[in-house]
Amino acid sequence: MTTQEIAVGGYSKGFSQTHRTDRWWIGPLLTFLGFSSFIVYSTWAALQGNHYFYGSYLSPFYSPLLFVDPSVTGGASLEHAWFGGWPSWWPSFVPASPAFLVLAFPGAFRFTCYYYRKAYYRAFAFTPPGCAVTALPQKNYKGETFLLLFQNLHRYALYFALFFIIILFSDAVQAFFRDGKLGIGVGSIVLLLNATFLSCYTLGCHSFRHLVGGKLDCFSCDATSSTRYGLWKRVTLLNENHMLFAWISLFWVGFSDVYVRLVSMGIWHDLSTWGN
Amino acid sequence: MIPLSEILTYEHDVIVVGAGGAGLRAAIECCKQGMNTGVVCKSLLGKAHTVMAEGGMAAAMGNVDARDNWKVHFRDTMRGGKFMNQWRMAELHAREAPDRVRELEEWGAVFDRTKEGLISQRNFGGHRYPRLAHVGDRTGLELIRTLQDYAIHQGMKVYMECTALDLLKDGDRITGLVGYFRETGRFVVFKANAVIFATGGAGKAWKITSNSWEYTGDGYGMAYTAGAELMDMEFTQFHPTGMVWPPSVRGILVTEGVRGDGGILLNNKGERFMFKYVPPKFAAETADTVEEGNRWLEGDKAARRPPELLTRDVVARAITAEVNAGRGSAHGGALLDIASRRPADVIRKKLPSMYHQFKELGELDITKEPMEVGPTLHYFMGGIRVDHDTQQSTVPGLFACGECSAGMHGANRLGGNSLSDLLVFGRLAGLGASEYSKSIGKKSVTDEKQVLSIIRSATDILNLDKGTNPYLVHEDLQNVMQRYVGIVRSADELQTAKNELERIKKDVALVKSDGASQYNAGWHKALDLRNLLISAEAVTKAAEMRTESRGGHTRIDFEGEREECAKYNIVVKKGEQGMEVRKVERREPPETLKKIAYAKIEDLEREGV
Amino acid sequence: MAKRQFKIWRGNKNGGEFANYQTEIEPGMVVLDAIHSIQAESAGDLAVRWNCKAGKCGSCSMEINGKPRLSCMTRMNSLPANETVTLQPLKTFPVIKDLVTDVSWNYRQKEKIQPLKPKPRDADGNYRMMQEDVDRIQEFRKCIECFLCQDVCHVLRDQDQANNFVGPRFMIYLASLEMHPLDTADRIPTIRKEFGSGLCNITRCCTEVCPEHINITDNGIIPLKERVVDRFYDPVMWVKRKFFGV
């Protein structure tokens, strides 16, 4: 214990002081570990630039595939690329991975997400580490007004995220076709669940809830607002579970990459109707 | 002793004591009349006991049942009050309540809505039609918050956590009052032309009560001491459904809304006993089979109301009778069942605070199990005797409104009439006091001797070397009142109570508290004892004089209402030899009102009177 | 029946210390009951603020074992049986005495907020609002003003921003006015500037401690933040307003 100045009310001054007797630090600790592991794994996986494709399965970290280098092992063939082969102007000091072209968008969506903000402000920035636990002292606290003003553009990240849902669903549908043959494999289910969880997360977004109807003061005033009220109510149901879907979808998108990667590396075997 | 010039002094045209619904509404009206207004309240603003009102406020707006109008409301109120009400007050109340509710909406109250988007109204005991504007089961909170949020922009000055000690007078009339700030213990003089009391009742004289610590009869005690008359003090309402278990929450209210929304009362044999207790007067308007009661609940307008919705006095007596006959629940109450009557989600939506209250305090899920309930002292129908239109007491310059005034509710108050009472008579008191203050003009000089004597008797409690413990004296008083002046009374018990109160009076005179005057809970309690004792004595003596059973006053030795007793009200006043009690003859009501009150309901529905 | 140990902070704005008490606990007792027993038995001048004792008035806020709670709604059997119960006054507000704090700052904040400015009534003297339009504000109006959210909010508690941020209580008060179907006033600029919506970093402790279970963060503060974004930060909305007037 450090020396503390006892203040009026029996409160000690200084970071992380509290009279709470429960294990309040478990929540932020788990958050810290969960996010850290995801960041470490996703960065590593994005750096690889290989083993992101197997059969008709495309790792969600690498979708959409803008450019493809057909020479890498476990990569997609050229026909899967939106714009063709890997560009020659790509600087050599940046790893040549298709993931680098796309990960920023879902990353930005999650980074500016109202739930994630809460989680990392607590677990990483300690403002505060827990409720009624003294926050890391800041000389002049600015909240989200100064350096963090960009958090207000969450809705633009949302627009991209909505676009990504379409792409990931299209990937999931394609995962049920191999060489033009309809079938099903564990990987198809993994990717379908991935798109579903991501939709539940994305469509429960606070900004989305505001834009579809929350901004209205009167829900009953005309036909349009009634429709928007219906949408708002549905989004609200998802929004109430935003944290849950944030974690499930985060885990599952990582797992989807792990799955495709290991299957592509031949370490796991994908059970499917197509055989092999 | 400190000289007067060194005592903190504030000057206002009107001082309102109490910041519940009535006090705030009165203060708002004073501001609207251009008065320099001060509000003195014992708690923080917005914490007054009005927040505990759950069910709603009665106003014949006819939003849910178009047959409703002020005459039906007036008739219900008179019948509920066993014709002891002051006719004019019941009339004013029924006529003005709808406007007060609409005004509240304009100030920001957000009531539950009908399908047409109007203010929804719910059924309640004693009300012929769905009449209670409500917000779930937290209507009182809505009312007080709305008034509070509106009031702070009207220019009044609010003195929070400030307790009034006694009134100051110049000859006959009021010139202000002395109080102290609870926080610092510092005394304060408020000079004013007029004082409005909105101080509530004195439930804390009983052990089992739904009232909070504030309900110590301050208004009764101060008004009595200043020479004002108290009236109808024997009519104390025991709410039939207070929580019974666990012991620490015994008495906390379970809203009548539970029954209004379909809840039924059962004894330990599972019998729905209320059918056995329908008084002849109400038999024609009450369902006589379970089947008819169910049809009513489903909205069949031809069906009559189930007996659980009889007036509070009837239901409270019925529960007491069942418990005395050995058919009570495990902890001595009746079982109130809504779980088997309504789906769980409807219960949670309609009665959220009840759900919450039982879940957190009683560890009971009311959507699955019945609640244990029993009578709890809830409300004083009686109080300071006031003029019907101006709300002025018998002391010039002293006005009263809300629970601390008498006359509106007669022998028994209908649920939901209280919140509308606060608004209607709060406003009238504000108007009355403003008029009076304007007519007085110049403020008079404060009498130093009065101020110092009030302060001295308060500080004596702290300066004693030895004395009685205020907590124990209070407990003693509560036990006496609970035991001898309870829901059913008798001459012997009332005599015992009188003797006991004389004994307690001596203990109160010797009460002492430790520590300094800064936020000292013991000292505050000691200071409340005088007013509690005056209230208790007034109830006991009035109860002894009323030799009949009527509304909130039940005598085991004088069963039933007696014609000759309907002719008078009982008035209490401070005399040379202590408390004087006398009968005051009731005036003959105006013919038109009489006709409405005794009319057949069908005629009123057609507005044919 | 068992005796329980209590550690209660006694003192005033100049300082004080924890004092130890014990009292007998009966079934169903809440922390406030225990405090009353201690008052009656051994500390007659112990200051505690309370009123309704049923969780409806929000007077008896304090910190119980380090958590901001209503003492009348905290059952003794919900606290670990072998532990001493620690009681302290709210941290964020100045202490008056013992467990009582000066919460007048909150009352001053409310006075700064523009009250409801209702549109005119319908021709028949009524206002019409549908239940679905008032559901949202009714949630905020459940607030009992216990100020536990204000106490736990680190912006007020630790960051010393009382001059720049009104706190969660008044954010939902503002939300209840802004979303009111009858209201005609515009408070969005003040919400951003004077009331400091940007200082809230939505760490949700206010929602966690709310005894009325109001979803302060998701339903109140975030929607307000989004409305502020509409007005001040969204370039597309800005262009739309500037050139198309919508």
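Bear in mind that the values in this text are calculations on the coordinates, not laboratory data. Bear in mind that the values here come from a model prediction, so they are computed numbers and not experimental data. Virtual Cβ from ideal backbone geometry, glycine too; neighbours counted across all protein chains shown.
Restricting to lysines 8 or more places apart or on different chains, can you count the pairs in chain A with Cα atoms under 22 Å from each other? Total qualifying Lys-Lys pairs in chain A comes to 5. Counting only residues at least eight positions apart within a chain, or on another chain, the lysines with an alpha carbon under 21 Å from that of B:Lys276 are B:Lys82.
Rounded if a/c is under 1.5, else prolate if a/b is larger than b/c, else oblate: which is the range B:352-488, with a ≥ b ≥ c the root eigenvalues of its Cα gyration tensor? Note, shape of the range B:352-488 comes out oblate. Its Cα centre serving as origin, the protein assembly as shown has a Cβ charge dipole (Lys and Arg +1, Asp and Glu -1) of approximately 1100 debye.
So what is the 222 nm mean residue ellipticity for chain A from helices alone, if each DSSP H run of at least 4 adds -39500 (n - 2.57) and you divide by all residues, rounding to the nearest 500 deg cm²/dmol? Before the final figure, lay out each step's value.
Values: 9 runs with 129 residues, N = 276.
Here the helix-only value at 222 nm equals -15000 deg cm²/dmol.
Exceedance of the 20 Å cut-off in Cα-Cα distance is limited, within the set C:Lys112/C:Lys193; C:Lys112/C:Lys242; B:Lys32/B:Lys157, to C:Lys112/C:Lys242.
Residues considered: C:Leu90, C:Leu79, C:Leu32. Largest GNM mean-square fluctuation over chain C, using C-alpha springs under 10 Å, is found at C:Leu79. When chain C is treated as a Gaussian network with alpha carbon springs shorter than 10 Å, the biggest mean-square fluctuation among C:Val95, C:Val229, C:Val85 belongs to C:Val229. Counting every other Cβ atom within 10 Å of each residue's Cβ, C:Ile38, A:Ile166 order from fewest to most as A:Ile166, C:Ile38. Since only A:Cys131, A:His269, B:Phe187 are under comparison, the one whose Cα sits farthest along the positive direction of the charge dipole of the protein assembly as shown, derived from C-beta charges on Lys, Arg, Asp and Glu, is A:His269. For the range C:11-110, the list of trypsin sites (Lys or Arg not before Pro) that fall in a loop by DSSP and count at most 16 other C-beta atoms within 10 angstrom reads C:Lys13.
Arrange the following residues from fewest to most other Cβ atoms within 10 Å of their Cβ: B:Trp523, B:Trp245. Mind dumping the intermediate values first?
Working: B:Trp523 27, B:Trp245 22.
With the sparsest Cβ surroundings first, the list reads B:Trp245, B:Trp523.
Mind checking the range B:495-589 for trypsin sites (Lys or Arg not before Pro) that DSSP puts in a loop (not H, G, I, E or B) and that have at most 11 other Cβ atoms within 10 Å?
Details: sites: B:Lys498, B:Arg503, B:Lys505, B:Lys506, B:Lys512, B:Lys525, B:Arg530, B:Lys541, B:Arg546, B:Arg550, B:Arg555, B:Arg562, B:Lys567, B:Lys573, B:Lys574, B:Arg582, B:Lys583, B:Arg586, B:Arg587; in loops: B:Lys512, B:Arg546, B:Arg562, B:Arg586, B:Arg587.
Answer by residue number: B:Arg587.
Taken along the Cα-to-beta-carbon direction at a fixed 7 Å, the label points for C:Ser42 and B:Arg483 span 2.9 nm.
To make sure I understand, if each residue's beta carbon is the centre and we count other beta carbons within 10 Å, what order do A:His269, B:His49, A:His242, B:His331 fall in, fewest to most? Provide the component values of the computation, followed by the final result.
On the way: A:His269 10, B:His49 26, A:His242 21, B:His331 13.
So the ranking, lowest neighbour count to highest, is A:His269, B:His331, A:His242, B:His49.
By the 4.7 Å beta carbon criterion, which cysteine residues of chain A come out unpaired? Cys with no partner Cβ under 4.7 Å: A:Cys113, A:Cys200, A:Cys205.
Which of the three applies to the range C:104-244, rounded, prolate or oblate, going by the alpha-carbon gyration tensor with a ≥ b ≥ c and a/c under 1.5 meaning rounded? Verdict is oblate for the range C:104-244. Computed over chain A with a Gaussian network model linking Cα atoms closer than 10 Å, the most mobile of A:Ile165, A:Ile26, A:Ile184 is A:Ile26.
Between A:Leu78 and A:Phe105, what length comes free when the chain is fully extended (0.36 nm per residue of separation minus the Cα-Cα distance, one decimal in nm)? Could you put the intermediate results ahead of the total?
Numbers: separation 27, 0.36 × 27 = 9.72 nm, distance 2.32 nm.
Extra length available between A:Leu78 and A:Phe105 comes to 7.4 nm.
Multiplying each eigenvalue of the alpha-carbon gyration tensor of the protein assembly as shown by 5 and taking the square root yields semi-axes of 60, 34, 28 Å, largest first, rounded to whole angstroms. Relative contact order of the range C:11-118: 26 percent, from C-alpha pairs under 8 Å at least 6 residues apart in sequence. Farthest toward the positive end of the dipole of the protein assembly as shown, out of A:Ala45, C:Asn106, B:Phe275, is the Cα of A:Ala45, where the dipole comes from beta carbon charges about the Cα centre.
Mind listing which GluC sites (Glu not before Pro) in the range B:22-130 are in a DSSP loop and have 16 or fewer other Cβ atoms within 10 Å?
Numbers: sites: B:Glu29, B:Glu54, B:Glu91, B:Glu96, B:Glu103, B:Glu105, B:Glu106, B:Glu116; in loops: B:Glu54, B:Glu116.
Loop-located and lightly packed - B:Glu116.
Near the amide H of C:Arg10, within less than 5 Å, lie the amide hydrogens of C:Glu17, C:Phe18, C:Ala19, all on another chain or at least 5 residues away, with H placed in the peptide plane. Taking Cα centre as origin and charging only the Cβ of basic (Lys, Arg, +1) and acidic (Asp, Glu, -1) residues, the dipole magnitude of chain A rounds to 780 debye. Rounded to whole numbers, the Karplus 3J(HN,Hα) couplings from phi for the range C:149-166 are 5, 5, 5, 7, 4, 5, 5, 8, 6, 10, 9, 6, 10, 4, 7, 10, 9, 7 Hz, using 6.51 cos²θ - 1.76 cosθ + 1.60 with θ = phi - 60°, and x at Gly and Pro. Working from the Cα coordinates of chain B, the gyration tensor eigenvalues give, after taking √(5λ), semi-axes of 37, 27, 23 Å in decreasing order.
Quote the FRET efficiency, to the nearest 0.05, computed for B:Glu116 versus C:Phe243 with a Förster distance R0 of 35 Å and r equal to the Cβ-Cβ distance.
Details: r = 40 Å, r/R0 = 1.15.
Result of the calculation: an efficiency of 0.30.
Summarising the amide proton neighbourhood of B:Lys169: residues at separation of 5 or more, or on other chains, whose placed amide H is nearer than 5 Å comprise B:Thr175. Taking a ≥ b ≥ c as the square roots of the Cα gyration tensor eigenvalues, the range B:204-286 comes out oblate, since a/c reaches at least 1.5 and a/b does not exceed b/c.
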